[in-house]
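Heads up, the thing below is written out as structure tokens.
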Amino acid sequence: MDRMKNISVLDTSLTAFNLGNEIIMDAVNNVIRELFEDSFLIRIQCMDKIGPLSLRYIQESNLSFIGGSNLLTSQMNKYKQIGFTPMSMLRSQDMILLGVGWWQYQRDPNMISRLFLRNLLSSSFTHSVRDRYTLTMLRKAGITNILNTSCPSTWSLTEKHCSLIPSNPSSHVVFTLTDYNRMEASDESFISLLLNKYQKIFFWPQGLNDLTYFKELNILDKDKIFILSPNLKAFDALLKANEIDYVGTRLHAGIRALQNRKRALILSIDNRAKEMADDINLNICNRDALDEIEHFINHSIQTSINLPRQAISEWKEQFKN
């Protein structure tokens, strides 16, 4: 592309209480920098109302991207995480999806959602979505220029990278919880199992109320658990400085562990981990599957991510012409 293009990116880590969005946007930003190294990037918050100034930036940009997260839904009029107003949607925004996913398993998109998405999304460029389910739902909304590339946070998990992830268990572990999806008995059981199996155990609060939820759980020897600061820097520092496993309900905390060449078992609590596991072979299990969690702890486990290399390459290639 010509030098000094203007690129706007709707940043899903802004006005968000989930540090997983920072992990996603870290990868999104790397992709944007790779593709448009000579361009001027404008970052715009995504979740809150997109006002006149942000709209002007988007309209004056050569290309505009939406970065990751589970923003799409069959009821965009009720569960809305993209801050365009109905008035701003009267004109096409030509946004390009980069690793965006569907919120939950739902019925087919309603008429308002179909109209919203057709007007929001570019018809000239191919969109990148996180999983096969999102691709299917967008097609039901009438959007067909799509590739399933998985989340950009996984694009670095190449065969060579995964070969450097230990297969044998560590003596340390870090775990996560999800405050908005609580199953106290199951969470207490898997944490107690970690306490029994690992010499040292850490807890990272990825979401705003994860620590509050942790404190409410009834766990013997809870005082033996080290609590990390609720920021990505603290989590990265732990992963870089220790031989450590990851076990937890937060999908992107598990992906961050994999990025840092650590064994990871993601405890599936919704469609996100399940769909990505089906697509790219993430190590997952249900959080109440204690036998499977114990097997991960006690046995050698290979990490073998099957990236959709052709789709990733095809999606990138469209911007080089």
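The values are calculated or read from the model by the stated rules, or taken from the named source; none is laboratory data. All of these numbers come straight from a predicted model, not from anything done at the bench. Positions of Cβ are backbone-derived with ideal geometry, glycine not excepted, and every protein chain shown enters the neighbour counts.
Quick check: is even one residue across region 296-314 over 27 Å from GLU34 (Cα atoms), at pLDDT below 95 and touching a strand residue (DSSP E or B) at 6+ places or on another chain (Cβ under 7 Å)? Looking through region 296-314, none of the residues is over 27 Å from GLU34 (Cα atoms), at pLDDT below 95 and touching a strand residue (DSSP E or B) at 6+ places or on another chain (Cβ under 7 Å). The set of residues in region 140-154 being over 11 Å from LEU97 (Cα atoms) and free of Cβ contacts under 8 Å to residues at least 24 places away in the same chain consists of THR144 alone.
Give region 117-147 a look and list any residue that's of a type in the set (S, T, N, Q) and surrounded by 22 or more Cβ atoms within 10 Å (Cβ to Cβ), or say none. Quick ask: steps written out before the conclusion?
Within region 117-147, the subset of a type in the set (S, T, N, Q) is 119, 122-124, 126, 128, 134, 136, 144-145.
Within region 117-147, SER128, THR134 meet the criteria.
Go through the residues of region 27-36 one by one and say whether even a single one is over 23 Å from THR149 (Cα atoms) and out of contact with any Pro (no Cβ under 9 Å at 6 or more places or on another chain). Outline the logic, then answer.
Just the residues of region 27-36 that are over 23 Å from THR149 (Cα atoms), to begin with: none.
Checking region 27-36: not a single residue is over 23 Å from THR149 (Cα atoms) and out of contact with any Pro (no Cβ under 9 Å at 6 or more places or on another chain).
Being modelled with pLDDT under 80 and in a loop (DSSP other than H, G, I, E, B) is the filter; apply it to region 85-115 and report the residue that is surrounded by the most Cβ atoms within 10 Å (Cβ to Cβ).
Of the residues in region 85-115, the ones modelled with pLDDT under 80 are 85-93.
Going one step further and asking which of them are in a loop (DSSP other than H, G, I, E, B), we end up with 85-87, 91-93.
Numbers: THR85: 12, PRO86: 9, MET87: 8, ARG91: 10, SER92: 12, GLN93: 19.
For region 85-115, the residue satisfying everything is GLN93.
Looking at PRO166, is it in contact with a Pro (Cβ under 6 Å, 6 or more places away or on another chain) and surrounded by fewer than 17 Cβ atoms within 10 Å (Cβ to Cβ)? Answer is no for this residue.
Just checking, does region 299-312 include any residue being of a type in the set (D, E, K, R), surrounded by 15 or more Cβ atoms within 10 Å (Cβ to Cβ) and at negative phi? Step through it out loud before you land on a result.
Let us first name the residues in region 299-312 that are of a type in the set (D, E, K, R), namely 309.
Next, only the ones that are surrounded by 15 or more Cβ atoms within 10 Å (Cβ to Cβ) stay: none.
Checked against the condition, which is being of a type in the set (D, E, K, R), surrounded by 15 or more Cβ atoms within 10 Å (Cβ to Cβ) and at negative phi, region 299-312 yields no hits at all.
Among the residues of region 268-298, those that are surrounded by fewer than 18 Cβ atoms within 10 Å (Cβ to Cβ) and of a type in the set (S, T, N, Q) comprise ASN281, ASN286, ASN298.
Yes/no matrix, rows are residues, columns are (1) over 25 Å from LEU135 (Cα atoms); (2) out of contact with any Phe, Trp or Tyr (no Cβ under 6 Å at 6 or more places or on another chain); (3) without any contact (Cβ under 8 Å) to a residue 40 or more places away in the chain:
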{"site": "ASP11", "(1), (2), (3)": "no, yes, no"}
{"site": "TYR57", "(1), (2), (3)": "yes, yes, no"}
{"site": "LEU98", "(1), (2), (3)": "no, no, no"}
{"site": "PRO109", "(1), (2), (3)": "no, yes, yes"}
{"site": "ILE112", "(1), (2), (3)": "no, yes, yes"}
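Per the listing ILE225, ILE244, the residue uniquely touching a His at 6+ places or on another chain (Cβ under 6 Å) and either farther than 18 Å from CYS151 by Cβ or of a type outside the set (S, T, N, Q) (or both) is ILE244. None of ASN242, ASN218 is more than 24 Å from ALA277 (Cβ to Cβ), surrounded by fewer than 20 Cβ atoms within 10 Å (Cβ to Cβ) and touching a residue at least 40 places away in the same chain (Cβ under 8 Å) except ASN242. Annotation: of all residues in region 1-59 being polar (S, T, N, Q) and in a strand (DSSP E or B), the one that is surrounded by the most Cβ atoms within 10 Å (Cβ to Cβ) is SER8.
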